[in-house]
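Report on the structure given below.
The values are calculated or read from the model by the stated rules, or taken from the named source; none is laboratory data. Just so it is clear, the model here is predicted, and its values are computed rather than measured. For neighbour counting, all protein chains shown are included, and Cβ atoms are generated from backbone atoms with ideal geometry for every residue, glycine included. The area values use the complete protein model at the heavy-atom level, side chains included, leaving out ligands, DNA and RNA. Shrake-Rupley method; radii C 1.70, N 1.55, O 1.52, S 1.80 Å.
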Amino acid sequence: MKKLFFAICFITLFGPNAEAAITQMHDEIELHQHEADQNMKMRQPAPLKGVPADYESFRNFIRERSKIVAQTPLSVVQNASTMNAQGDVEFIAKQKQNKSTFEQIYEEAMERLNLLENNKPADLINTPALLPEAIEQKQNEQQNTPKQTPENEIDVVSITLPTGQTVLAPAKEHIPYLTSKIEILPNGIVHIKETVNLIANGIKLKYGLSKALPKYSISRTGVKNATIPYLNSVKINGTDVPYQLKDAGDRYLIVPKDKLPLQPGVYTYEFDYMLDRKLWYYDDRNEFYWDVTGSFWNLAISQAIATVRLPIDVNPLGQNMFIGYAPNYLTDIYSTITKDKATNALGFTSTMPLYAGEGMHILISIPKKGFLEPDFNKKFEWFIEDYGDIIFSLFGLIAIVIAYIISWRYINSGNDNMKAELQKTPAMLRMLINGTFDKVSFGSFLLDLFRRNIIDLKAEDDTLQIIKKTDNLSRLNKFEKKALQQIIGPKEFSVSIDRTNALKLKRAYKIIEKDTFKRIRLLTLKLNAGYIFFSCAMLALSELAMAWLNVNTPETFGVLISTTLTLAFYVWVLKTKFKNKFIGIIAKIFAVILIILAVMIMCLHIHFVSALFIAAMVLAIFTYTNLFATRKGLLKNNIKDALAFKQNLVDNARTVVLGGQFKIQQANIYALNAQQSYPKSFDIAKDYRLDVMPLVHNLL
């Protein structure tokens, strides 16, 4: 029990007294369950009266059942405020006019029977097993032995009920019989074993039968609690089949783990599951409500039976049964309730077919004697069920915000020595100091190519002469190569640039500008790596904890991660500045719609508040990451290094010149505006190209 794990971990913090209380509570529950198992035996339902066992009885059965189905009067139900049952003349008329699939099945069968006073059914179909080999063998037999059914004859199937009785039913896709054995344990957990006889024709049931369970339970006072389901097993014709619980918004679904193609035939499904929080604890009594058929299947149900076993020495205070569609319920006329005090059991039977989606509701008032009141452990488990995802998402958001606040204060305190070592080009150094890319930045790029002996620069009046010195460009990145190729073609050795072809320089300018901004983003990303990793880890851990509380952890976690990534992408779109204003407006509107859709998808698995907290975490990550990327943030130390480097070039100009380092540092000298400390002299005249840069300015 996932929620119980949190409760036990929490309670054990209070010491040995709490641990002893837990042990005593568990021992008491086990004792009650053992006594119940030893003293209470569920009696099998009695054979159904009036259900046909031969052809003549089947014909009469169809006629009588059709007469019953055609009558749908309603009556006002007294003392059942939670049911809200009431008579409705318009509803009755509509029911008579719009007959259900099940009613049409039986009326069609009756019409055919009227034409067949002396004929017998040609074939009784019976599918004994679900095993693929048996299905394939049966199909081969049917294909090899073609039968001809006269137009007037009725296709029927032979159904074996849980009582062992064999009856006939129309070979239409429906549920001839449903029985539900319900056991309410002393600790309030409800154990249900449900048997469903099913006729499949490959129309609606192509991939097996699924079972819906309520996700929430509502008390008489309007309090809404989340139920806690546990799936034990699912059998089809006695064979265990892998099924799983799946969260489906306002309900849980018991569905096959893999696709299970269901061939036409007769099947017996056995669902075994447990539910917690289905028993309501009031001051003077306890109460149990259950929709036996679930009001979910798009199938007619011929007959539904439910038996409820209470703990030992517990007799119900009252019981009611309602069938039909809400809020118009049919009552005692079409239902039977039986009691067995010896085994503390109740029986509920629908005496009329249930249409597609109709419910069979039972309501039992139970004395508080014989039940364990929920203790702190149980209440904490329920609290986690109700608010666990909100708590985990809130903790994740708080952790992210606190971590960023502490980090920001640490950065501003002056004690932060964090800096990233990346290749700092002259254009990057200028970007760090001045926060911009300009003509000086591009000129420093040309000087850097000169330093690497890739080009040479000469100025003649208003013409810039650029000479290629090598074809080996392996030392350049893709942006630098592309920029150089914009200036000098692959087959050219030199180019003269003036006003007529200055576009070459301007195109190269744009490329180097893009490269510089990319380098700055990589620098900030590297500086932000630790903070981004921590915040994303907190977000992922919060979503993993929320998914773990769900009945289907992998699927829920996958949905949360995918929707979070979608949310993050469109938040990024909202923060992006588009060159085209019209396209930007459309993109941002579309982003807002997708963000809302992502939050709505999250709400299918978690609370709305939790989805909002996840959105807030994503927004906080973007906000603080951008804040840290500013010049006053994590770039502060790199800016200090750039300023210190500039000062070093100014203070040690003589050393740089005499040490033969001028050519190496010339691009940095120009980018950092330190050229005034380096006038042209005999020692550096050979490598001096700073006097060419004004011409580059003019051409750009």
Full extension from Tyr207 to Asp456: what is 0.36 nm times the residue separation minus their Cα-Cα distance, to one decimal in nm? 82.1 nm
Here the net charge surrounding Lys575, from other residues whose Cβ is less than 14 Å away from its Cβ (Lys, Arg +1; Asp, Glu -1), is +3
For the range 226-283, give the percent of accessible area contributed by carbon and sulfur heavy atoms, probe 1.4 Å, rounded to a whole number. 46 percent
Flagged links, alpha-carbon separation over 24 Å, of Lys246/Lys278; Lys468/Lys504; Lys458/Lys680; Lys458/Lys646; Lys224/Lys378: Lys458/Lys646
With each label point set 7 Å from Cα along the Cα-Cβ vector, what nm distance links Ala326 and Asn626? 4.5 nm
Does the range 575-649 come out rounded, prolate or oblate, given a ≥ b ≥ c as the square roots of the eigenvalues of its C-alpha gyration tensor, rounded meaning a/c under 1.5 and, failing that, prolate meaning a/b above b/c? oblate
Got a number for carbon plus sulfur as a percent of the range 548-700's accessible area, 1.4 Å probe? 68 percent
Report, by chain and number, residues whose modeled amide H sits under 5 Å from the one on Tyr252, excluding near sequence neighbours (fewer than 5 apart, same chain). Leu213, Lys215
³J(HN,Hα) computed for each position of the range 287-300 - Karplus, 6.51 cos²θ - 1.76 cosθ + 1.60, integer Hz, glycine/proline x: 9, 10, 10, 8, 9, 4, 8, x, 6, 10, 5, 8, 9, 6
Positive-end residue, the range 513-618 charge dipole about Cα centroid, Cβ charges, pick of Leu612, Phe534, Phe517: Phe517
Across Lys514/Lys579; Lys215/Lys379; Lys181/Lys215; Lys204/Lys259; Lys424/Lys640; Lys181/Lys259, pairs whose alpha-carbon gap is larger than 22 Å: Lys181/Lys259
